[in-house]
Amino acid sequence: MSQTLAELTTLSEDVISEHVRLPTDDEVRTYDELGWGKMEGLLSPELAEVILDHVKAAAGYEEGVGFTNAWTDLDKRGERRTAWYSTNMRDADELLRSLAESRRLGEGHAMLMQERPVRLWSDSTNTKPPGGPATRWHQDMQAFPFDRPSGGGIWVALCDIDPAMAPLQHLNGSHREPWKEPDHSDPNRLFQSGTALSTEEILEKYEIAPPQYLKPGDAIAHHALTYHGTERGNETDRIRWAWISQRFPADVGYIAKHNTRSNDLGLVPGQPLDHPTFPVVFE
């Protein structure tokens, strides 16, 4: 008798292919044009439900207690996060590892980025609790120790998320703005503008996409240069649950920029991030 999806402790590529679809041509074009895109039903609702259970376990979430393996600050630099955060969850959960490192999800992400081969950068959760404040506008590229602006993330809804729960919003086309590496002496560099323009000027220049309604398994993907955040906080009494995976072109070179995921791994500046922490997931 075959096991149900909920009984599995890891996912084969065949199972993943049954529950994860590839982006359509229209979705790839939208991603390229806007720097982000919504993909309805990228993962099946059944798989999203299973992921939620594993995310809760990996983050140490207990009903009525909260999180025991997640945090809210940015490396203790003083800038408070607006959501509970837990990273590299695959280290604690083989099912999440099999999904994050899967060829199928890697192929879909490669299609969006129009890059191959690609490496996995991270998998994580970013859960905004009831009353959680708005997320400041920022680019993910500030955090990446890459020698060129590239890569991005796929943000999968694990529950029904309506606009009042503060799903991610994006500034349409902002990924086209030329990259300018921020001054890393600022302890809050993750929220600096990575362009010659200030964040205020970027907000004037680019249209804010409206918040999306997401069902479990729906996904939002965005380029590392695309400005994203939220106009509002979570105004409901429900947790906004999401699972995120980030990938980047395999030939990107490393730069010696602080990041807790890449520090102390013996990476060589100017060379690819060739390390088991960043496996090639799609050739």
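Brief remarks on what is shown
- Selected residue (criterion: farthest from residue 136 (Cα to Cα)) from residues of the stretch 225-261 that are of a type in the set (Ser, Thr, Tyr) and modelled with pLDDT of 95 or more: 254
- Qualifying position, being among the aliphatic types (A, V, I, L, M) and at positive phi, among 196, 157, 134, 166: 166
- The numbered conditions (1) of a type outside the set (Lys, Arg); (2) at pLDDT 95 or above; (3) closer than 30 Å to residue 48 by Cβ are all true for residue 268 except (3).
- Residues of the stretch 237-267 that are surrounded by fewer than 18 Cβ atoms within 10 Å (Cβ to Cβ) and among the hydroxyl-bearing types (Ser, Thr, Tyr): 260 alone.
- The set of residues in the stretch 1-17 that are surrounded by 10 or more Cβ atoms within 10 Å (Cβ to Cβ) and free of Cβ contacts under 8 Å to residues at least 24 places away in the same chain contains only 15.
The values are calculated or read from the model by the stated rules, or taken from the named source; none is laboratory data. Just so we're clear, the structure is a prediction, and the values are computed from it rather than from any experiment. Note: ideal-geometry Cβ built from the backbone for every residue, glycine included; neighbour counts use all protein chains shown.
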